[in-house]
Amino acid sequence: MPAACESVLEDIEDIVSAEDLKPHDRQFVRRNVFPKVRKRNSQKNVQTDDEPPSDSIIPGVQKIWIRTWGCSHNNSDGEYMAGQLAAYGYKITDNSAEADLWLLNSCTVKNPAEDHFRNSIKKAQEGNKKIVLAGCVPQAQPRQEYLKGLSIIGVQQIDRVVEVVEETIKGHSVRLLGQKKDNGKRLGGARLDLPKIRKNPLIEIISVSTGCLNACTYCKTKHARGDLASYPIEELVDRAKQSFQEGVCEIWLTSEDTGAYGRDIGTDLPTLLWKLVEVIPEGAMLRLGMTNPPYILEHLEEMAKILNHPRVYAFLHIPVQSASDSVLMDMKREYCVADFKQVVDFLKEKVPGITIATDIICGFPGETDEDFQETMKLVELYRFPSLFINQFYPRPGTPAAKMPQVPAAVKKQRTKDLSQLFHSYNPYDHKVGERQRVLVTEESFDSNYYVAHNPFYEQVLVPKDPLLMGKMVEVNIYEAGKHFMKGQPVSDARVHTASITRPLAKGEVSGLTEEFRRAPQNGTNWKAQPSAEIPVKTRLSSWIALQLPWQQEGGGLKILSVSLALLAVLVMFYYGGMKTEL
């Protein structure tokens with residue numbers, strides 16, 4: 001039985017770009033390709049039949065399980081990868097045991113997230129699953145020992161996921177870690193109009209940019225996502241329009257730092273938001289992503305106007321991380337506590353009822369008891385309704401990992417103390433009895449309620465009436481908890497539907513162009529049919545004939561390989577015909 005061939009390409013973009021070597025120079029590139037020696041049966045010197053040779057495997061018929069960790073940006077990447085694979089014919093399954101390949105989309109923010117990622121790799125290997133890795137962990141540190149020999153799809157290469165999966169299923173190891181560039185300028189990433197399977201068909205996650213302008217000493221994500229690279233406004237608006245046409249009623253804007261949007265392309269966040277607001281239909285809402293204090297300060301007036309818009313949630317996530325200026329300096333956060341307070345105070349005054357969410361790191365290197373008490377005072381002052389508390393974990397390769405560490409017991413105690421403070425107040429008790437307008441978008445974790453959000457993006461649980469899903473309704477608040485309220489729909493209230501278009505079914509592929517829908521042979525509609533129901537013959541002919549629309553650029557390697565295969569078939573038939581005549 002021949003062993004799988006391992007082709008380790010640090011950046012396959014270098015092979016398929018227009019500026020690459022001519023064909024007669026390809027021999028010099030082969031130093032990056034390391035085929036394994038074929039193993040022969042020692043007694044008969046023939047190939048064993050335990051499994052077919054890798055080049056006989058039919059791509060596009062396997063089942064794939066996708067697991068994503070981390071932020072909404074990472075979740076959006078996972079949705080795009082699922083959409084492309086399903087559009088190509090692969091079956092996306094929720095059952096990891098039945099899957100032929102596991103696509104693991106990682107997060108590098110905290111040690112526990114990477115530990116789960118590493119354990120999933122081990123479990124996949126024990127189950128003899130094919131593995132493709134994605135996300136920030138392998139992008140930031142692709143040479144880690146536990147990643148050795150595994151295929152990797154970089155954070156800016158998700159539009160190449162079909163190629164990587166196809167080669168991995170055939171037994172090869174491929175790594176695409178390059179950056180997207182246009183005339184030498186780094187781009188935001190893969191195209192926004194790629195096929196996608198939304199985890200929630202009612203919610204579209206749009207990444208406005210990738211990377212950031214900061215260099216926080218504790219952050220590993222910077223190593224993976226790099227410097228700021230923003231998408232053009234027109235592309236983001238087009239993606240929003242397409243989403244609403246597919247029945248989406250809520251859009252989340254995401255990025256490593258939404259507030260820094262546009263600084264690399266000569267625009268800014270308010271300019272983008274005003275353009276987006278123009279295309280939001282009645283009954284739909286827009287939620288802004290995380291923004292650091294420095295990049296929102298100069299836009300406070302405009303941001304207040306936008307956050308008061310009836311189709312924009314009066315919600316902003318502004319991480320403070322610490323209320324000690326000395327700790328913030330060690331973190332290289334590029335703002336002081338006074339800056340954070342200025343942003344919060346201004347928005348609270350100009351946007352009545354606004355929800356401010358924030359993050360705090362407990363036990364950062366060098367944090368003293370006095371520093372921590374300042375943080376406790378800040379939380380007591382603002383009583384944030386949404387507070388993300390993180391015990392500090394030193395991430396390998398970051399400056400903070402080399403700093404003198406706070407003892408583990410101290411970090412744990414500070415985290416506990418802050419959590420107790422956070423749970424000592426109930427932010428929604430005073431809202432019992434109010435009549436609120438809410439948008440219903442999902443089911444609760446316990447499956448007992450539907451989850452809605454009011455104009456301040458506060459969670460409201462409503463009865464599980466299918467007629468409410470995707471609708472904006474009015475409710476009377478009758479109960480409040482720490483993280484939610486409960487509301488009863490008002491019988492005589494008007495119900496708003498964001499779109500006359502029926503939302504896509506769960507698991508249905510979004511964003512398929514007419515060009516792609518017409519590509520498969522025999523009239524097969526890839527969007528309408530689950531991939532498992534597409535005839536094998538149809539899939540084979542489509543696989544040979546089809547160059548994926550989102551891969552028109554940079555697909556030279558695949559076209560070359562398919563052309564050579566067809567040429568070999570023709571030659572075989574030709575010589576076979578000559579022998580018959582003789």
Check: In the structure displayed, which of LYS220/LYS402; LYS199/LYS431; LYS275/LYS305; LYS222/LYS402 lie more than 24 Å apart, Cα to Cα?
Finding: LYS199/LYS431
Note to self: At a 10 angstrom cut-off on C-beta neighbours, averaged per residue, how do the peptides 283-295, 400-412 rank from highest to lowest?
What the structure shows: 283-295, 400-412
Checklist line | Residue order for GLU479, GLU114 - accessible surface, 1.4 angstrom probe, largest first | finding: GLU479, GLU114
Checklist line | In nm, spacing of pseudo-spin labels at ALA409 and PHE445 (7 Å Cα→C-beta vector) | finding: 3.1
Notebook entry, point to check: What does a probe at ARG143 reach in segment 223-252, counting residues whose amide N is under 20 Å from the point 7 Å along Cα→Cβ?
Noted result: 223-226
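Taking the Cβ of ARG502 as the center, what net charge do the other residues with Cβ under 11 Å away carry, scoring Lys and Arg +1 and Asp and Glu -1?
Working: positive: none; negative: GLU246, GLU508.
So the surrounding residues net to -2.
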Next item on the list: Note down the accessible area of ASP339, probe 1.4 Å, to the nearest 10 Å².
Entry: 40
Notebook entry, point to check: For labels at ASN111 and LYS181 in the simple 7 Å Cα→Cβ model, what's the distance in nm?
Noted result: 3.7
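Per the 1.4 Å probe, what fraction of the accessible area of segment 200-423, in percent, lies on carbon and sulfur atoms? Kindly include the intermediate steps, with their values, before the conclusion.
Numbers: 4470 of 8290 Å².
The nonpolar share, carbon plus sulfur, comes to 54 percent.
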Next item on the list: Would you check the accessible area of ARG437, probe 1.4 Å, heavy atoms only, in square angstrom rounded to 10?
Entry: 80
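Per 0.36 nm of contour for each residue apart, how much would the distance between LYS350 and ASN200 grow if the chain were fully extended, relative to their Cα-Cα spacing?
Values: separation 150, 0.36 × 150 = 54.00 nm, distance 3.25 nm.
Additional length available on full extension: 50.7 nm.
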Checklist line | Surface per residue (accessible, 1.4 Å probe) for segment 303-384, Å² | finding: 39
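So if each residue of separation counts as 0.36 nm, and I subtract the Cα-Cα distance between LYS506 and VAL237, what length gain in nm does that give? Write out the running numbers ahead of the final one.
Values: separation 269, 0.36 × 269 = 96.84 nm, distance 2.39 nm.
Gain in length upon complete extension: 94.5 nm.
Taking 0.36 nm per intervening residue step and subtracting the Cα-Cα distance, what contour gain separates THR497 from HIS430 on full extension? The partial results should precede the final answer.
Details: separation 67, 0.36 × 67 = 24.12 nm, distance 2.91 nm.
Net length gain for the segment: 21.2 nm.
From Cα pairs below 8 angstrom and at least 6 apart in sequence, can you work out the relative contact order of segment 183-263, rounded to a whole percent?
Working: 104 pairs, mean separation 34.8, N = 81.
Over segment 183-263, the number comes to 43 percent.
Roll a 1.4 angstrom probe over the protein heavy atoms and tell me the percent of accessible area of segment 63-179 that is carbon or sulfur. Could you put the intermediate results ahead of the total?
Numbers: 1680 of 3810 Å².
Its accessible area is 44 percent carbon and sulfur atoms.
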Item checked: Calculated FRET value between THR398 and ASN308, using beta carbons and R₀ = 41 Å, to 0.05 -> 0.60
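Just to be sure I follow the rule: in segment 63-179, considering lysines 8 or more places apart or on different chains, how many pairs have Cα atoms under 13 Å apart? Write down the numbers at each step before the final one.
Details: LYS63/LYS91; LYS63/LYS129; LYS63/LYS130; LYS122/LYS130; LYS122/LYS148; LYS129/LYS170; LYS130/LYS170.
Eligible lysine pairs with Cα atoms under 13 Å apart amount to 7.
The values are calculated or read from the model by the stated rules, or taken from the named source; none is laboratory data. Every value quoted in this text rests on a predicted model; they were computed, and no experiment measured them. All Cβ positions, even for glycine, are placed from backbone atoms using ideal geometry, and neighbour counts span all protein chains on display. Side chains are part of the model used for accessible areas, which takes the heavy atoms of the whole protein and leaves out ligands, DNA and RNA. Shrake-Rupley method; radii C 1.70, N 1.55, O 1.52, S 1.80 Å.
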